[in-house]
Amino acid sequence: MQFLFRHPLILSSIKILVVFMALSGVVAYLVYMERKVLAFMQARLGPMRVGPWGLLQPIADGLKLLLKEDIVPARADKAVFLLSPVISLVAAFSVFAAIPYGPGGWTITNPNIGILLILGLSSLGIYGIILGGWASNSHYPLIGSLRSAAQLVSYEVAAGIAVVSVLLIANSLSLVVIVNRQQQMGVWNVFLNPVAFVVYLIAGVAETNRNPFDLPEAESELTGGFHTEYSGFRFSLYFLAEYTNMVLISSLAVVLFLGGWLRPFSSLRWLWPLDYAPVVALVGAGAFVLWLGLQSRVRGERMFFAALAILCAALAGVVGIPLVLSSIQGVFWLTVKVLAVLYAFIWYRATFPRYRFDQLMTVGWRRLIPVALSSLIVTATMLIWTGYRVVPLLAANLLAGILTAWMVSVRGAGNRSRPTREAI
Amino acid sequence: MTLPQATFLILSATALLSSVMVITRRNVVHSAIWLIVALLSVGGIYLVLQAEFLFAVQIILYVGGIMVLFLFVLLLVNVDVAMRQALFSRQWGVALGTAILLLAELVYGLWRGQAQPAIAAAPASGVSPGNTQAVGMALYQKYMLPVELASLLLLVAMVGAVIMTQKRFE
């Protein structure tokens, strides 16, 4: 038995299975969270019908998509059409093998080229989009995939440059080392290089094809974008891949810039009460659910919420055991941070209108890349000049970031968002 | 046969097969897909040889970057028309000559390299510093000047391409 658990293949398989299941659940309820948050921001209620407060909506949606007819267009390139969603999904899920979820045994693998592996694997997902759009043999999907390819290639450059400035600080490509380095420095990378963080976040939103960069699937222009011709199960694969990519971009943002699994202010010993946050969060969730139940007039709902509250209380009790508490510490903080970034993604969708396509290209090439480049150069220079010191790095980066942003936006050569006299 | 050997054989067989598919498919997009498969298997071979940095670069640059641009252009091609055109045209003689030359070069290289030792032993478990540092040191210290020259050349080529695509300039 001991031998079985010692074997790297078996232990990894178990971890992969757990991550896969957890991720599927997270993605399903991410859709629910998105619909609810958007609804509340627009003074609506969102899904309310299936289960109390629509809590069973993701399960109903999944069942519906599974039972729908899987249509392949008559003139489609069948083999490629069937293969494409699978490429997208495999690329999106396989990347999570290299994400560190917590210290020690909470990582599946820790390859020494961690970040490169993740960038490479996640860039494979675009083939699902391009080939799916092409194989549909239809105009809207083709335009959608063309837009998607152009967008991804453009924004990958900016994201890559932003990541490099983190690598300079950490001196390693391994994600575990990057997080450990942030612990040594005492501050998260976002406070060393906020410019790179902002660039990475914007590029990340663009890479996941989300608002305000959701041109590849702009409903009002392209009906559905690259997945217009897909239905049922295959469409749900695309859908799953897209939301998994969202989780990936937020996890990477957290690991690279927001301290990964580290507790906020992990270097300050006297903030030890923060270690009990998991218990407090669970108790709070239980109390909230109980309050929801007390407000409901339907007997079934009251029982459902009471059961949920009891579950939360039981979990809080289990988490309260010191050994459990210390071991789930990392995963808890990582989850909280990832959820916060995901919430920001949803918030953007409720806030920003969609870009025009030329604006999208301008933002990518003329704004983000120069800003990212300046941040990279300044970080490298300051690391050689003043060493790993927080204040000079932060000050220089902020200054260079603001200066470059001003230069590319106000005095940028060829600012063509307004028609020139010659054009008129 | 050890696991690395078996992996190597499978990967190289895949690479060869998909390369043949690349040049025999009539549909250009199918050719591109097979080329992606070939590039991926070559990347896998790098990994078997413990050149993990090369593997990552192969995936990011060739598979994730260049092939995406290839496909991007191919999507704009009218595949139906392209499929009707003759696949092998008048360049038989030149192609044959080049192939023979390449084969000779390969055989010569293999014959010269016979005496070299095989793959180095695997490093101990855990995270080794890896060959990323080694590649970086070689490129930016030992071969600094050639690298800079090459990058300057690429920059000139890029600027030239941008200028050539401009419709009119005074």
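The values are calculated or read from the model by the stated rules, or taken from the named source; none is laboratory data. Just so you know, these numbers come straight off a predicted model, no measurement behind them. No Cβ is skipped: glycine too gets one built from the backbone with ideal geometry, and neighbour counts run over all protein chains shown.
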Taking A:Ala159 as meeting all but one of (1) in contact with an Asp or Glu (Cβ under 7 Å, 6 or more places away or on another chain); (2) at pLDDT below 85; (3) in a helix (DSSP H, G or I), write down the number of the exception.
(2)
Residue hits (the range B:18-38; part of a helix (DSSP H, G or I) and surrounded by fewer than 14 Cβ atoms within 10 Å (Cβ to Cβ)) are B:Val20, B:Ile23, B:Thr24
Any hit, the range A:380-400, residues being touching a residue at least 60 places away in the same chain (Cβ under 8 Å), under 28 Å from A:Ser148 (Cα atoms) and either touching a Lys or Arg at 6+ places or on another chain (Cβ under 9 Å) or in a helix (DSSP H, G or I) (or both)
no
Just one of (1) in a helix (DSSP H, G or I); (2) touching a residue at least 12 places away in the same chain (Cβ under 8 Å); (3) under 20 Å from the mean Cα position of the chain (by Cα) trips up A:Gln359, so point out which.
(3)
Checked the range A:162-188 for anything assigned to a loop (DSSP other than H, G, I, E, B) and of a type outside the set (A, V, I, L, M, F, W, C); matches are A:Asn171, A:Ser172, A:Ser174, A:Gly186
Which residues, counting only those in the range A:82-139, are of a type in the set (Val, Ile, Thr), facing chain B (nearest Cβ under 7 Å) and either under 17 Å from A:Phe20 (Cβ atoms) or in a helix (DSSP H, G or I) (or both)?
A:Ile126, A:Ile130
Got a sec? Which of A:Phe304, A:Phe345 is modelled with pLDDT of 85 or more and of a type outside the set (Gly, Ala, Ser)?
A:Phe345
Going through the range A:32-81 one residue at a time, which ones are on the phi > 0 side of the Ramachandran plot, part of a loop (DSSP other than H, G, I, E, B) and touching a residue at least 12 places away in the same chain (Cβ under 8 Å)?
A:Gly51
Just checking, does the range A:232-243 include any residue being away from chain B (no Cβ under 14 Å), of a type in the set (Lys, Arg), in contact (Cβ under 8 Å) with a residue 60 or more places away in the chain and part of a helix (DSSP H, G or I)?
yes
Tally of residues being buried (at least 17 other Cβ atoms within 10 Å of the Cβ) and of a type outside the set (S, T, N, Q) across the range A:34-61
12
When the residues of the range A:140-159 are filtered to those that are in contact with a Ser or Thr (Cβ under 8 Å, 6 or more places away or on another chain) and more than 10 Å from chain B (Cβ to nearest Cβ), which remaining residue is nearest to A:Pro212 (Cα to Cα)?
A:Gly144
Could you say which residue among A:Ala314, A:Ala309 is farther than 17 Å from A:Tyr101 by Cα, out of contact with any helix residue (DSSP H, G or I) (no Cβ under 8 Å at 6 or more places or on another chain) and of a type outside the set (Phe, Trp, Tyr)?
A:Ala314
Given the residues A:Arg263, A:Arg297, which is the only one that is without any contact (Cβ under 8 Å) to a residue 12 or more places away in the chain and part of a loop (DSSP other than H, G, I, E, B)?
A:Arg297
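Okay, residues lined up against (1) more than 29 Å from A:Ser138 (Cβ to Cβ); (2) facing another protein chain (nearest Cβ under 10 Å); (3) at pLDDT 85 or above:
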residue: B:Leu76; (1), (2), (3): no, yes, no
residue: B:Met83; (1), (2), (3): no, no, no
residue: B:Ala86; (1), (2), (3): no, no, no
residue: B:Leu96; (1), (2), (3): yes, no, yes
residue: B:Leu106; (1), (2), (3): yes, no, yes
When the residues of the range B:45-55 are filtered to those that are in a helix (DSSP H, G or I) and within 12 Å of chain A (Cβ to nearest Cβ), which remaining residue is farthest from A:Ser174 (Cα to Cα)?
B:Tyr46
Residue check for A:Arg349: loosely packed, with under 14 Cβ neighbours inside 10 Å and closer than 22 Å to A:Leu152 by Cβ:
no
Subset of the range A:65-81 [away from chain B (no Cβ under 14 Å) and either under 27 Å from the mean Cα position of the chain (by Cα) or exposed (fewer than 11 other Cβ atoms within 10 Å of the Cβ) (or both)]:
A:Leu65, A:Leu66, A:Leu67, A:Glu69, A:Ala74
